[in-house]
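Here is the structure we will look at.
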Amino acid sequence: MIIRLIRRHRARRNLEAAKARVATLSRQIDHRRKSKQAWRPLLGSLADARREMLRAEIELRGW
């Protein structure tokens, strides 16, 4: 029971961190696009962050 609670807390924390990474990268890409800088190299990192966010959501749901 306690182990499940710890895992759930860790999963929730991982999800929040992944959401923050996605938001940060999205803002960086928007900023770079507006200032005419190279933004495409960040797309790989954004894809990785989104993948991590989905993984954390699945872990939180207990699949």
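The values are calculated or read from the model by the stated rules, or taken from the named source; none is laboratory data. What you are looking at is a predicted structure, and each value in this text was computed from that prediction instead of being measured. Quick reminder, even Gly has a Cβ in these numbers, built from the backbone with ideal geometry, and neighbours come from all protein chains shown. Side chains included, ligands, DNA and RNA excluded: accessible areas come from the protein's heavy atoms. Shrake-Rupley method; radii C 1.70, N 1.55, O 1.52, S 1.80 Å.
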Tilt, helix 42-61 to longest principal axis of the chain (alpha-carbon atoms), in degrees rounded to tens, equals 20
Sorting 3, 58 on solvent-accessible surface, 1.4 Å probe, most exposed first, gives 3, 58
For the chain, longest principal axis from Cα atoms; helix 2-34 axis from its Cα atoms; angle between them, nearest 10 degrees, is 10
In Å², rounded to a whole number, the accessible area per residue of the chain with probe 1.4 Å is 86
Probe 1.4 Å, all chains present, heavy atoms only: residue 60 accessible area in Å², nearest 10, is 40
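Take every Cα-Cα pair in the chain and report what % of them are more than 16 Å apart. Don't jump to the answer; show the numbers that get you there.
Values: 996 of 1953 pairs.
The answer is 51 percent, as a whole percent.
Expected output is a single nm value to one decimal: the length gained when fully extending between residue 43 and residue 17, i.e. 0.36 nm times separation in residues minus the C-alpha distance. What is it?
Values: separation 26, 0.36 × 26 = 9.36 nm, distance 1.83 nm.
In short, 7.5 nm is gained.
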Rounded to the nearest 10 Å², the accessible area of residue 35 using a 1.4 Å probe with every protein chain kept is 50
For the pair residue 51 and residue 32, the simple spin-label estimate (label points 7 Å beyond Cα toward Cβ) gives in nm 1.8
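With a cut-off of 8 Å between alpha carbons and a minimum separation of six or more residues, what is the relative contact order of the chain in percent? It would help to have the intermediate numbers written out before the result.
Numbers: 35 pairs, mean separation 30.9, N = 63.
Relative contact order here is 49 percent.
Summing Lys, Arg as +1 and Asp, Glu as -1, what charge do residues with Cβ under 15 Å from the Cβ of residue 34 carry, residue 34 excluded? Write down the numbers at each step before the final one.
Numbers: positive: 27, 32, 33, 36, 40; negative: 30.
Net charge around residue 34: +4.
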